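The values are calculated or read from the model by the stated rules, or taken from the named source; none is laboratory data. These numbers were taken from a predicted model, which means no experiment stands behind them. All Cβ positions, even for glycine, are placed from backbone atoms using ideal geometry, and neighbour counts span all protein chains on display.
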Amino acid sequence: MGQLPAVIVDGVLYASWMFVIAVGLTLIYGVMKILNVAHGSLYALGAYTASTAAGYWLSHGHAPMGSYVVLLLAALVVGLIAGPLIERGLLRFMYGRDEIVLVLVTYALFLILEDFTKLLFGVDPILVAEPYGLLGNLQMGRLIYPVYSFVLVAAAILVGVALALVLNRTRQGKILRAVIHDREMSTAVGINVSRVYLVTFTIGAMLAALGGALTAPTTSVQPGIGAEVIVLAFAIVVVGGLGSLGGAAVGALLVGLVRSAAVHYQPEVELFSVYVVMALVLIIRPKGLFAAPEVRKI
Amino acid sequence: MKLRDTPLLLIVALVVLLAIGLILPQWALSFVSVALYLGIVVLGMALMMRTGLVSFGQGLYYCLGAYAAGTLDHFFKLSDLLLMVVAGALVAGVVAVILGFLLSKYRDIFFAMLSLAFSMILYGLLVKSSELGSTDGFGLSVKTFAGIAISASAVRYTIYAFSAVLATLFAIGMHRYFNSHLGRLAGAIRDNELRVEYMGASVRRVIHLNYVISAVLAGVGGALMAGAIGHVDPETTANWTTSGEFVFIAILAGTGSVAAPFLGAGIFEAVRTFALQYFPNTWQMTLGITMLLVIMFLPGGLWSVFGLRRRST
Amino acid sequence: MAVVLEARNLNKSFGAVTAASNINASIEQDSVVGLIGSNGAGKTTFINMVTGYLTPTSGQVLYEGRDITGLQPRAVTRLGISRSFQIPQLFNTLSVHDNLLVGVGIASRSVKTAAGTGSNEHTQVEQLIERFNLAGYRTQTAGLLPEGVRKLLDIAMAVAARPRLLLLDEPTSGVSADEKFRLMDMVMSALKTEGVTVLFVEHDMDIVSRYTHRILAFYEGRIIADGDPLTVLADAEVRRYVIGEQLHKEASSAAH
């Protein structure tokens with residue numbers, strides 16, 4: 001029982017950065033009906049770019065606090081370049097094909113990007129930990145956490161709130177929700193669905209890259225992190241309900257806490273605990289926790 | 001291709017394979033064996049795809065088959081190939097019967113994700129299991145077939161020959177299945193489940209059945225692989241990336257012909273071996289690009305190149 | 001006359017929406033009954049409840065005296081009830097012949113048929129192709145057929161199950177005006193040899209009055225008229241809510 005606070009804090013921390021990634025994934029699915037396997041590669045690209053850029057910045061003697069700005073900029077740049085390139089250059093030729101075919105397309109893209117990242121950044125691990133320790137530590141009872149971790153939590157909350165506000169309060173958000181609801185109808189009322197897709201995918205890519213950029217200082221960035229992350233992101237998004245932003249938050253928390261509990265109490269089950277949860281949720285709620293209602297077919 | 005020609009052609013192919021296998025060098029025997037046992041797995045996937053479902057977790061049964069085979073030798077000193085394959089088929093089959101009750105309720109992305117989840121559960125279990133060698137796995141060897149001892153130099157040919165026989169049997173069986181009522185029902189389910197139910201058939205039962213068949217095939221493939229490679233580990237069997245490879249080959253092969261999975265597996269293995277040797281850091285990219293090209297230009301898979309694509313794909 | 005289908009106090013609501021309200025009807029064997037009403041009046045909901053696609057919120061459906069309320073569609077089909085759909089439900093990548101082959105294959109394995117089993121599946125398919133005039137389309141892919149032919153195939157599939165009660169949901173919708181009668185003639189003559197009770201939903205009043213012995217008129221989930229065609233089509237409420245005043249020629253000439 002003494003471990004409970006640690007379990008919860010660790011769980012929330014883990015959930016935060018997974019949320020940033022998962023929310024982009026679920027957004028892309030909700031609007032475009034594409035389960036983007038390449039999301040993991042975008043995460044990796046974000047991590048690599050951020051680490052490399054921050055490392056460059058710091059090694060050239062610039063202000064350490066500036067490294068945070070560098071991290072964020074790196075994520076933005078990756079998203080703004082990769083997003084449109086992928087959407088315009090590949091995905092838009094595949095719309096209208098079966099959902100599963102689109103998953104396979106993004107899977108192929110994932111394979112390509114994995115190696116592309118290796119070509120660009122090499123295969124050696126990169127660790128730029130300075131931004132992680134820069135803000136000092138926070139002591140809570142017997143637990144000590146770097147302040148940076150809570151910056152991550154704050155970032156996740158910010159992203160969530162910002163997305164919720166945009167979707168519910170702005171005109172752009174309404175348009176997005178219209179497309180999520182019914183693409184054909186949206187086209188019929190004059191919405192430029194093409195542009196909505198481009199914007200959505202780019203935002204999603206930026207979020208994935210942001211997830212990577214924010215976690216880069218906390219871990220050794222190396223080949224394979226994309227693959228690890230994507231299956232977890234799937235689990236979260238499916239658990240939460242495909243296309244539901246609130247679901248992504250709840251899913252992330254659930255997955256984060258379960259994983260944290262496993263790590264603390266029963267490390268052997270860490271790896272599959274998340275999938276057991278996913279299987280259990282799908283058994284109870286076949287379409288996830290916050291799935292959209294079904295429409296009558298006949 | 002007329003209905004009755006295919007089994008004949010397959011048997012001819014088998015005879016040819018068995019004959020030239022006697023003079024092929026070891027590396028060629030290995031290569032063809034890989035194409036055969038991977039092809040068996042993909043044949044099962046083709047059946048599921050015909051039924052409208054793509055599994056992203058076929059590695060679960062491939063792994064179960066492989067580990068069942070390995071366990072027989074490693075823990076029980078039973079190094080019989082026939083026994084290993086039977087064990088692989090049985091273990092995979094039993095698990096599929098159980099999981100099938102659940103999985104037959106899901107479609108599309110959810111089926112794909114749930115099947116993925118179960119394969120990752122097995123992966124996680126194995127990685128953390130020190131008795132089973134965790135990430136390193138363990139080795140095994142084949143010493144007999146149906147009780148008859150095999151000399152060390154003949155093991156490779158035995159595995160090759162047995163794989164060829166099984167592949168032919170399964171291909172012929174699948175061909176006949178596709179042309180039976182149940183086989184046609186699979187395509188109908190993929191097209192319109194509602195109508196199938198409204199005609200009076202149980203969609204779930206057919207899906208469950210086909211799921212078990214494809215699992216058994218994957219289990220056999222895994223057992224053959226274990227015997228051929230002499231080693232089993234979680235990464236190359238249960239990890240989702242392996243399942244992804246099966247999906248890739250299945251797409252490459254298409255669902256039009258029972259021989260296509262074997263050809264697709266052969267091409268895949270050739271590309272992979274070649275790429276791994278000369279471009280170790282870009283072989284995934286090669287795979288990805290090939291997959292995209294196939295998806296974009298050959299929606300019916302390889303078989304559409306030969307113009308022998310059946311209408312129902 | 002024996003009662004083949006009976007609906008007792010059927011109700012169906014989806015939250016605040018009432019799709020069916022207190023539906024009571026008794027259908028006699030071998031009759032041909034028309035279901036009319038504007039869109040959303042509850043006709044398809046009625047068919048959906050009878051065939052098990054929807055479970056009534058309350059009430060019962062009895063088939064040949066047996067309670068079939070809430071049974072799954074395939075169980076209902078096995079008892080001898082079959083239906084066609086507003087939007088044809090076909091196996092779009094299969095040919096016309098294969099569509100029927102699958103249908104006949106399923107039916108012969110699961111349905112307690114009216115005429116009895118025994119004949120070869122391929123013979124049955126040929127018979128259906130002939131009866132529904134589909135010979136010219138036999139090898140064509142169902143998804144690429146003209147709408148009228150798709151509807152025919154859809155109905156043929158329903159008939160393949162050898163039903164004793166056949167429900168047709170808008171059999172002539174989407175079919176061009178000059179084709180409608182030909183289609184109905186074909187369907188009705190195909191059914192004449194079978195001894196089938198038929199219910200069909202229809203918007204075209206000429207068709208309804210020509211082929212039915214009896215009409216049920218729906219409005220806002222309720223049945224507002226139930227009787228022989230002449231009476232129902234002259235009914236004031238039916239004219240107001242379903243047909244429209246001007247379409248009824250006798251009424252407008254009487255008003256002069």
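Here's the yes/no breakdown for (1) of a type outside the set (D, E, K, R); (2) in contact (Cβ under 8 Å) with a residue 40 or more places away in the chain; (3) out of contact with any strand residue (DSSP E or B) (no Cβ under 8 Å at 6 or more places or on another chain); (4) over 27 Å from B:Ile172 (Cα atoms):
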| site | (1), (2), (3), (4) |
| --- | --- |
| B:Leu43 | yes, yes, yes, no |
| B:Ala66 | yes, yes, no, no |
| B:Lys77 | no, no, yes, yes |
| B:Leu81 | yes, yes, no, no |
| B:Ala89 | yes, yes, yes, no |
| B:Ala92 | yes, yes, yes, no |
| B:Tyr106 | yes, no, yes, yes |
| B:Phe118 | yes, yes, yes, yes |
| B:Ser129 | yes, no, yes, yes |
**Report entry** Residues of the stretch B:164-185 satisfying the condition of being crowded, with 20+ Cβ neighbours inside 10 Å and facing another protein chain (nearest Cβ under 10 Å)
**Finding:** B:Arg184, B:Leu185
Query raised in the report: What number of residues in the stretch A:151-166 are buried (at least 19 other Cβ atoms within 10 Å of the Cβ) and in contact with a Ser or Thr (Cβ under 6 Å, 6 or more places away or on another chain)?
Result: 2
Report task. Search the stretch B:74-103 for residues being more than 19 Å from B:Tyr160 (Cα to Cα), more than 17 Å from the chain's Cα centre (by Cα) and of a type outside the set (A, V, I, L, M), and hand back the single one that is surrounded by the fewest Cβ atoms within 10 Å (Cβ to Cβ). Result -> B:Lys77
Report summary line: Reported set for the stretch B:266-289 where residues are within 8 Å of another protein chain (Cβ to nearest Cβ) and either within 15 Å of B:Phe246 (Cα to Cα) or touching a residue at least 24 places away in the same chain (Cβ under 8 Å) (or both) is B:Gln284, B:Leu287, B:Gly288
Query raised in the report: Does A:Ala213 meet the test of being more than 19 Å from A:Ser149 (Cβ to Cβ), away from chain B (no Cβ under 12 Å) and buried (at least 24 other Cβ atoms within 10 Å of the Cβ)?
Result: no
Query raised in the report: Taking into account only those residues within the stretch A:216-239 that are under 26 Å from A:Leu27 (Cα atoms) and among the small types (Gly, Ala, Ser), which is farthest from the other protein chains (Cβ to nearest Cβ)?
Result: A:Ala216
**Report entry** Unmet requirement for B:Val97, which otherwise passes all of (1) farther than 19 Å from B:Val41 by Cβ; (2) modelled with pLDDT of 90 or more
**Finding:** (1)
Report summary line: Subset of the stretch C:10-24, residues assigned to a strand (DSSP E or B) and not β-branched (Val, Ile, Thr), comes to C:Leu10, C:Asn11, C:Lys12, C:Ser13, C:Phe14, C:Ala19, C:Ala20, C:Ser21, C:Asn22, C:Asn24
Query raised in the report: Looking at the stretch C:45-68, which of its residues are surrounded by 18 or more Cβ atoms within 10 Å (Cβ to Cβ), β-branched (Val, Ile, Thr) and either in a strand (DSSP E or B) or in contact with a helix residue (DSSP H, G or I) (Cβ under 8 Å, 6 or more places away or on another chain) (or both)?
Result: C:Val50, C:Thr51, C:Val61, C:Ile68
Query raised in the report: Take the residues of the stretch A:216-237 that are of a type outside the set (Val, Ile, Thr), under 13 Å from the mean Cα position of the chain (by Cα) and buried (at least 24 other Cβ atoms within 10 Å of the Cβ): which is nearest to A:Ser16 (Cα to Cα)?
Result: A:Ala233
Query raised in the report: What about B:Gly256, is it touching a Ser or Thr at 6+ places or on another chain (Cβ under 8 Å) and either farther than 20 Å from B:His175 by Cβ or of a type outside the set (D, E, K, R) (or both)?
Result: yes
Query raised in the report: From C:Ser110, C:Ser82, which residue is under 18 Å from C:Ala161 (Cβ atoms) and under 16 Å from the mean Cα position of the chain (by Cα)?
Result: C:Ser82
Query raised in the report: So is C:Asp98 within 14 Å of chain B (Cβ to nearest Cβ) and among the acidic types (Asp, Glu) or not?
Result: yes
Query raised in the report: Going by the structure shown, is B:Ala238 touching a residue at least 12 places away in the same chain (Cβ under 8 Å), small (Gly, Ala, Ser) and either in a helix (DSSP H, G or I) or more than 14 Å from every other protein chain (Cβ to nearest Cβ) (or both)?
Result: no
Query raised in the report: Looking at the stretch C:54-94, which of its residues are among the charged types (D, E, K, R), over 23 Å from C:Thr172 (Cβ atoms) and within 13 Å of chain B (Cβ to nearest Cβ)?
Result: C:Arg74, C:Arg78
Query raised in the report: Considering only the stretch A:94-135, how many residues are within 10 Å of chain B (Cβ to nearest Cβ), over 20 Å from the mean Cα position of the chain (by Cα), in contact (Cβ under 8 Å) with a residue 12 or more places away in the chain and more than 28 Å from A:Pro217 (Cβ to Cβ)?
Result: 1
Query - Members of the stretch B:191-209 that are part of a helix (DSSP H, G or I) and facing another protein chain (nearest Cβ under 8 Å) - result: B:Asp191, B:Leu194, B:Arg195, B:Val196, B:Glu197, B:Tyr198, B:Met199
Query raised in the report: Which residues, counting only those in the stretch B:193-210, are on the phi < 0 side of the Ramachandran plot and either crowded, with 23+ Cβ neighbours inside 10 Å or touching a Pro at 6+ places or on another chain (Cβ under 9 Å) (or both)?
Result: B:Leu194, B:Arg195, B:Val196, B:Glu197, B:Tyr198, B:Met199, B:Ala201, B:Ile207, B:Asn210
Query raised in the report: Among the residues of the stretch A:239-277, which ones are free of Cβ contacts under 8 Å to residues at least 60 places away in the same chain and aromatic (Phe, Trp, Tyr)?
Result: A:Phe272, A:Tyr275
Query - Selection within the stretch C:22-41 - surrounded by 15 or more Cβ atoms within 10 Å (Cβ to Cβ), modelled with pLDDT of 90 or more and under 13 Å from C:Ala217 (Cα atoms) - result: C:Ile23, C:Ala25, C:Val33, C:Gly34, C:Leu35, C:Ile36, C:Gly37
Requested in this report: Of the conditions (1) in contact (Cβ under 8 Å) with a residue 60 or more places away in the chain; (2) part of a loop (DSSP other than H, G, I, E, B); (3) under 18 Å from B:Ala226 (Cβ atoms), B:Ser163 clears all except one; give me its number.
Outcome: (2)
Report task. Hey, can you tell me all the residues within the stretch C:72-89 that are part of a loop (DSSP other than H, G, I, E, B) and in contact with a Leu (Cβ under 9 Å, 6 or more places away or on another chain)? Result -> C:Gly80, C:Phe85, C:Pro88, C:Gln89
Query raised in the report: Out of all the residues in the stretch A:28-44, is one or more in contact with a strand residue (DSSP E or B) (Cβ under 8 Å, 6 or more places away or on another chain), at negative phi and buried (at least 24 other Cβ atoms within 10 Å of the Cβ)?
Result: yes
Query raised in the report: Within the group B:Ala215, B:Ala188, B:Ala161, which residue is surrounded by 24 or more Cβ atoms within 10 Å (Cβ to Cβ) and more than 16 Å from C:Leu94 (Cα to Cα)?
Result: B:Ala215
